[in-house]
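**Q** This structure is in structure tokens; I'll ask about it shortly.
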Amino acid sequence: MKMMNSDRREILKSAAMAAAGSLVTGGSLPVVQADPGVADLPDGEGLTWNKAPCRFCGTGCHVQVGVEDGRVVAVAGDKAADVNKGLLCVKGYHVGGILYGEDRLTEPLLRQDDGTLKAISWDEALDIIAKRIFDSPQTFAFYGSGQWTIPEGFAAQKFMKGGLSNNHIDPNARLCMASAVTGFLGTYGVDEPAGCYQDLDECDVLITWGNNPAEMHPVLFSRVTDRRSRGEKVRIIDIGTRRTRTTDAANEYLNMKPHGDVAIALGIMHLLIENNTYDTSFVKDHCNFRAHPESGKTLMGEAISEDEFRKRIAEYTPERVSELSGLSVEQIRMLGDLFGDRNIRITSLWCMGMNQHTMGTAINTLVHGVHLLSGHFGKPGDSPTSLTGQPSACGTVREVGTLSHALPGGRVVANPEHRQQCEEFWNVPEGRINGTPGYHTVKMFDQFTMPTDEGGDITTMFVQVTNPGQTLPNLNKLFNDKEQLADKFLIVSDVYPTPTTALANLILPAAMWVEKNGMFGNSERRTQQWFKMVDPPGDARDDCWMTIAIARKLFEMGHEGMQDKDGEFIFAVKDESGEEIPIWEFEHYYDTNVDKHLFEEYRQFTTMKHKNLAPYEEYVKARGLRWPVVEQQDGSWRETRFRFSGFDDPFVAEGEEFDFYHSSTKDGKAQIWFHDYEPPPEMPDEDYPLWLCTGRVLEHWHTGSMTRRVTQLSRAMPTGYVEMNKEDAKDANIRQGETVVVESRRGSCQLPVWIDGRGRPPRGTIFVPFFDETKMINNVTLEAYCPISKQPDYKKCAARVRKMTEADS
Amino acid sequence: MPQSRFPPLVTRLPKPEDRPNTQEAPRSINGINIAPVPPTDLGTKRAAQTLPLHRPPGAIDEFQFLSGCTRCGDCITACPHDAIVKAPDRLGDVAGTPIIEADHSACMMCEDFPCIASCEPGVLIDSISPIMGTARITEHLCLAHHSTLCTVCSERCPVEGAIVVTQGKPTVNENDCTGCGVCRYVCPAPENAILLMPAFARPGLAQRHD
């Protein structure tokens, strides 16, 4: 391996600095090289290395991307990145391969009356879309994802809410972390974790609540397990409904019943009170108590007294909790003692297990409550932390607010002041933004797949960067009906054919990852930036450009919403001489850095909730910065690792230990919630005797539309499967590898059986991953959702397993 | 944060022209090859020792194998996993004989070995153990040795106990490994971390006419 000599590195470094300040133009792409990331990577004629965050999960690892002759030819971990220090998971190493699947979409395709697809020009495609929106702007819906880059999400948000006065915009993140959002809001009055990944380096105990980071966030889990190989003691307690690869590394495994987590959290709080081991001074100084009012469930609830809290929690004795959760009384007492110990540091991790839950908001607030009540909060290693599954679920969905009820920077459409602020930032006329929340995801698809004459009032839907035809729950109800509805028009922008494009009327070929400029925000509040490095194939184009180009068509057709107060195009970008750059023409899109323009506009929105972001150029230099990022006296920009903690958060007043400065009670205090346990929406019975849980696997990301096209990943995990308990399989006379039918009241799916594989479910439970589009488990799942977050529960429903030879009953 | 004692892993992406060609299907009638095959002249001498080849399970001693194999392709047809292919022309004298190329498809160790059952000339036999070679793990290429979770080879290994995982890291138990190549086929490391070595020597048939 040839090492890069220092002279060459210097030249590249100065080139990087020069490029960082200039705008991206067609032919010459900037070279961004910070030495530590590439110091020992292979060198070669024409090979340049550039930084980019990984395209997959919410961990936010950085990779170094090797580009040669306009093609990505190599990928390595980025040593200069604080998140992953050069390490990657198996998907991350193959992230470059996702660009080069053989069936990339390369031209706009319009479905004909006979069902076939016909290639059309971009101009024709934009005309069709603009005409449908122009004719009926309020029955149009925009469905995106936590894979939208920050500028893409911001453009979509502005187009819908600031342009069309239409709030029917929602992301797939509704299916993914909406309950985490409502949990943070209900507890702290403001979204997103207080801690960061450093908690993983410093905790004494790690509790995984229905979470399998060994497979889903492997780089983060390595941070923990690797401490052991250095001789440190980290105790891992895995609370779950099945044994996983995380269990393999855990000191203890606590097998709970589905929904048992709610009872367990209540049981821990009960013991903290009963044993008087809760943190009296922390609670007195920094916490209030809260519960839903009797009139019904609300996001913010109402205040209750400490006495009332004590009275209600008194009912959750270890014995009762044991019955509800399936844990033993000793296990519950062990957890109670653990949180009662002030001399250890405890980090709780969770992801879909607690979020995809009909009590999602409740369990999120309860786990925060356990940490607050016990004072295990706000010190490195002492933290309740939710993980996200998408690269920019935080950066785009939660911060830009691409949800049907939200506006950028933590604002909501229902608040007149918030609407007014946004109208001012966007320079649009007063009253432009609609004050009524739009449809959330499940409702949006329900309205879209319902015939118009029966009240289905969404007639045109535009889907970007996601695959709802595979990921929505109960697909037969929420998606598959689209096929029969001739007057409903589905527009899908994607990079490969998917089950969603299969029903699309118009398919738009998209640029992906390093084929475009982008910014993501990861699970620990870290905002990341990258530059376009290669051209997309054929006629594939940026999603952000599509939104702007559609807006421009509408502008030209005379749609008033596409004009600001001064009659200018809402996405107008001007050059130094004041001349408008026609960024709606793709050949001019990279005449300027549109991402930078949109980001600088968006930055203004972020200070209200103290999620301050630095200027774009700071992110060019860094491997991401964790907000709030504030300017120092010397002009440098400082990121924040621990929010609300006086020792680190710049917004906590000097001398204060903690300040929850967005407290919903406006007294600087966080809320400790009480919720009563409720049973799951559907439970196994005589006809459907098994619990079905769904989820992901290490090798594939979400619906596999990218990873299944990488040979190595596809070979390593070639097919979806159903994990069965050995004894259950034996009783049903089912062999390893046999194909069976998994079915519920809603639909069925055929899958090979894997016994004693990666996951080992207890008796009466099966698990199926959802990555395989040839085996669609979401035909089987239930669409019941959390009443507050509207996030569906993919983790539990009643199902059965039938041998192929048995008749369908 | 984990620090590896190995150099960093780098994934190299093939350029389009580097993609391997697929093999063409064999043609045979009742065990007789009807596709043109280059002549083989082994004479009475042992074949020159070249690189050992990865033969299907149950293959007898290489010299006897080459003398007996008619290149009919029946084992290739019989294999339900398309794991057996014709040796390419570049291998000269042995071109057209059946081999396994685990990079394209590995032997799945079928319980009933249809390849052996289909072999009319009897150069694949069920009376010897189906050892095709052995696998070794190249630690500096293996993801598990780079602090990143990966358990694919041990999960997919068709021979119980042949790959064991201790503290997250796999090792091959050479006494049990048959060299089927499944681990090589499924390894998702940036550079394949499984070194698959064909058996250097295989048991022969008793020389009946002696």
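The values are calculated or read from the model by the stated rules, or taken from the named source; none is laboratory data. Being a predicted model, the structure only gives us computed values, none of them experimental. Cβ sites come from the backbone with ideal geometry, for glycine too, and all protein chains shown count toward neighbours. Protein only, heavy atoms only, side chains kept; ligands, DNA and RNA dropped before computing areas. Shrake-Rupley method; radii C 1.70, N 1.55, O 1.52, S 1.80 Å.
**Q** For the stretch A:71-86, does any single residue satisfy the condition of being in a helix (DSSP H, G or I), surrounded by fewer than 24 Cβ atoms within 10 Å (Cβ to Cβ) and within 9 Å of another protein chain (Cβ to nearest Cβ)?
**A** Within the stretch A:71-86, the subset in a helix (DSSP H, G or I) is none.
There is no residue in the stretch A:71-86 that is in a helix (DSSP H, G or I), surrounded by fewer than 24 Cβ atoms within 10 Å (Cβ to Cβ) and within 9 Å of another protein chain (Cβ to nearest Cβ).
**Q** Suppose the filter is open to solvent by less than 10 Å² (accessible area, probe 1.4 Å) and more than 25 Å from A:P679 (Cα to Cα); does A:T396 pass it?
**A** In short, yes.
**Q** Quick check: is even one residue across the stretch A:327-337 at pLDDT 95 or above, among the polar types (S, T, N, Q) and either touching a Gly at 6+ places or on another chain (Cβ under 6 Å) or surrounded by 15 or more Cβ atoms within 10 Å (Cβ to Cβ) (or both)? Don't jump to the end; show me each part of the working.
**A** Going through the stretch A:327-337, the residues at pLDDT 95 or above turn out to be A:327-337.
Narrowing further to those that are among the polar types (S, T, N, Q): A:328, A:331.
Of the ones still in play, those that are also either touching a Gly at 6+ places or on another chain (Cβ under 6 Å) or surrounded by 15 or more Cβ atoms within 10 Å (Cβ to Cβ) (or both) are A:331.
Yes, that holds for at least one residue.
**Q** If you don't mind, there's one more thing I want to ask. May I ask you to list the residues in the stretch A:465-481 that are under 14 Å from A:P451 (Cα atoms) and either within 20 Å of the chain's Cα centre (by Cα) or open to solvent by 10 Å² or more (accessible area, probe 1.4 Å) (or both)?
**A** Across the stretch A:465-481, the qualifying residues are A:K477, A:N480, A:D481.
**Q** Here's something else I'd like to know. Looking at the stretch A:515-563, which of its residues are open to solvent by less than 10 Å² (accessible area, probe 1.4 Å) and at positive phi?
**A** A:R525
**Q** Further question on the same structure: If I go through the stretch A:423-451 residue by residue, how many of them are open to solvent by 40 Å² or more (accessible area, probe 1.4 Å) and β-branched (V, I, T)?
**A** The qualifying residues number 1.
**Q** Which residues, counting only those in the stretch A:612-653, are among the polar types (S, T, N, Q), part of a loop (DSSP other than H, G, I, E, B), open to solvent by less than 60 Å² (accessible area, probe 1.4 Å) and under 28 Å from A:Y188 (Cα atoms)?
**A** A:N612, A:T640
**Q** Here's something else I'd like to know. Name the single residue, out of those in the stretch A:666-700 being under 30 Å from A:K609 (Cβ atoms) and among the aromatic types (F, W, Y), that is nearest to the chain's Cα centre (by Cα).
**A** Start the filter on the stretch A:666-700 by keeping residues that are under 30 Å from A:K609 (Cβ atoms), which leaves A:666-675.
Keeping just the survivors that are among the aromatic types (F, W, Y) gives A:673-674.
Details: A:W673: 25, A:F674: 27 Å.
Only one residue fits best here, namely A:W673.
**Q** Under 9 Å between Cβ atoms, at least 6 apart or on separate chains: pull out the pairs that start in the stretch B:1-13 with a residue that is more than 7 Å from every other protein chain (Cβ to nearest Cβ) and open to solvent by 20 Å² or more (accessible area, probe 1.4 Å) and end on any residue that is part of a loop (DSSP other than H, G, I, E, B) and at pLDDT below 90.
**A** B:Q3/B:S147; B:S4/B:S147
**Q** Another question about this same structure. Which condition does B:I128 not pass, out of (1) out of contact with any Cys (no Cβ under 6 Å at 6 or more places or on another chain); (2) modelled with pLDDT of 95 or more, if it passes all the others?
**A** Condition not satisfied by B:I128: (2).
**Q** Hey, could you check the stretch B:120-146 for residues that are surrounded by fewer than 21 Cβ atoms within 10 Å (Cβ to Cβ) and among the small types (G, A, S) and say which is nearest to the other protein chains (Cβ to nearest Cβ)?
**A** That would be B:S129.
**Q** Determine, yes or no, whether B:T166 is open to solvent by 30 Å² or more (accessible area, probe 1.4 Å), modelled with pLDDT under 95 and either in the same structural domain as B:M108 (by TED's automatic domain parsing) or of a type outside the set (A, V, I, L, M) (or both).
**A** The answer is yes for B:T166.
**Q** Could I ask something else about it? If we only count helices (runs of 4 or more DSSP H) wholly inside the stretch A:198-263, which ones have 1 or more residues that are surrounded by fewer than 21 Cβ atoms within 10 Å (Cβ to Cβ) and either without any contact (Cβ under 8 Å) to a residue 60 or more places away in the chain or at positive phi (or both)?
**A** A:218-229, A:245-249
Here is a yes/no grid of residues against (1) out of contact with any His (no Cβ under 8 Å at 6 or more places or on another chain); (2) within 14 Å of chain B (Cβ to nearest Cβ); (3) not acidic (D, E):
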residue: A:W691; (1), (2), (3): yes, no, yes
residue: A:A732; (1), (2), (3): yes, no, yes
residue: A:I755; (1), (2), (3): yes, yes, yes
residue: A:G759; (1), (2), (3): yes, yes, yes
residue: A:F767; (1), (2), (3): yes, no, yes
residue: A:E773; (1), (2), (3): yes, no, no
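**Q** Turning to a different aspect of this structure: Might you let me know whether the stretch A:282-301 holds any residue that is among the charged types (D, E, K, R), within 28 Å of the chain's Cα centre (by Cα), at pLDDT 95 or above and assigned to a strand (DSSP E or B)?
**A** The answer is yes; a qualifying residue exists.
**Q** Are any residues in the stretch A:782-807 in a loop (DSSP other than H, G, I, E, B) and over 26 Å from A:F184 (Cβ atoms), and if so, which ones? Spell out how you get there, then give the answer.
**A** Within the stretch A:782-807, the subset in a loop (DSSP other than H, G, I, E, B) is A:782-784, A:786-791, A:793-796, A:804-807.
Scanning the stretch A:782-807 gives A:M804, A:T805, A:E806, A:A807.
**Q** Does A:K2 satisfy the condition of being more than 10 Å from every other protein chain (Cβ to nearest Cβ) and either modelled with pLDDT under 65 or in contact with an Asp or Glu (Cβ under 8 Å, 6 or more places away or on another chain) (or both)?
**A** So A:K2 passes the test.
**Q** Oh, and also: Scan the stretch A:661-668 and give yes if some residue there is outside the structural domain of A:T358 (by TED's automatic domain parsing), among the hydroxyl-bearing types (S, T, Y) and outside any loop (DSSP other than H, G, I, E, B), otherwise no.
**A** Within the stretch A:661-668, the subset outside the structural domain of A:T358 (by TED's automatic domain parsing) is A:661-668.
So of that shortlist, the ones also among the hydroxyl-bearing types (S, T, Y) come out as A:661, A:663-665.
Then drop every residue that is not outside any loop (DSSP other than H, G, I, E, B), which leaves none.
So far as the stretch A:661-668 goes, no, none of its residues is outside the structural domain of A:T358 (by TED's automatic domain parsing), among the hydroxyl-bearing types (S, T, Y) and outside any loop (DSSP other than H, G, I, E, B).
**Q** Could you please give the count of residues in the stretch A:87-117 that are within 14 Å of chain B (Cβ to nearest Cβ), in contact with a strand residue (DSSP E or B) (Cβ under 9 Å, 6 or more places away or on another chain) and open to solvent by 40 Å² or more (accessible area, probe 1.4 Å)?
**A** Matching residues across the stretch A:87-117 total 1.
**Q** Scan A:A141, A:A130 and give me the residue that is modelled with pLDDT of 95 or more, open to solvent by less than 10 Å² (accessible area, probe 1.4 Å) and part of a helix (DSSP H, G or I).
**A** Working: A:A141 fails: part of a helix (DSSP H, G or I).
The conditions single out A:A130.
**Q** To continue, here is another question. Can you go through A:I734, A:I788, A:I777 and tell me which one is in contact (Cβ under 8 Å) with a residue 60 or more places away in the chain and surrounded by fewer than 24 Cβ atoms within 10 Å (Cβ to Cβ)? Write out each step before concluding.
**A** Details: A:I788 fails: surrounded by fewer than 24 Cβ atoms within 10 Å (Cβ to Cβ); A:I777 fails: surrounded by fewer than 24 Cβ atoms within 10 Å (Cβ to Cβ).
Within the list A:I734, A:I788, A:I777, the selection yields A:I734.
**Q** Here are some conditions: (1) open to solvent by 10 Å² or more (accessible area, probe 1.4 Å); (2) at pLDDT 95 or above. A:V63 meets all but one. Which one does it not meet?
**A** (1)
**Q** Let me ask something additional. Give me the pairs, please: first residue somewhere in the stretch A:100-119 and touching a residue at least 12 places away in the same chain (Cβ under 8 Å), second residue anywhere and aromatic (F, W, Y) and surrounded by 17 or more Cβ atoms within 10 Å (Cβ to Cβ), beta-carbon distance under 9 Å, and either six or more positions apart or on two chains.
**A** A:G101/A:Y496; A:D103/A:Y496; A:R104/A:Y496; A:L105/A:Y496; A:E107/A:W122; A:P108/A:W122
**Q** What number of residues in the stretch A:178-197 are in contact with a Cys (Cβ under 8 Å, 6 or more places away or on another chain) and either within 23 Å of A:F770 (Cβ to Cβ) or open to solvent by less than 10 Å² (accessible area, probe 1.4 Å) (or both)?
**A** Number of matching residues: 3.
**Q** So how many residues does the stretch B:161-177 have that are in a loop (DSSP other than H, G, I, E, B) and within 11 Å of chain A (Cβ to nearest Cβ)?
**A** Looking only at that region, the number is 2.
**Q** Still on this structure, I have one more. If we keep just the residues of the stretch B:178-197 that are open to solvent by 30 Å² or more (accessible area, probe 1.4 Å) and within 21 Å of B:C110 (Cα to Cα), which is farthest from the other protein chains (Cβ to nearest Cβ)?
**A** B:M197
**Q** (1) under 15 Å from the mean Cα position of the chain (by Cα); (2) more than 14 Å from chain A (Cβ to nearest Cβ); (3) surrounded by 14 or more Cβ atoms within 10 Å (Cβ to Cβ): which one isn't true of B:A117, the others all being true?
**A** Every listed condition holds for B:A117 apart from (1).
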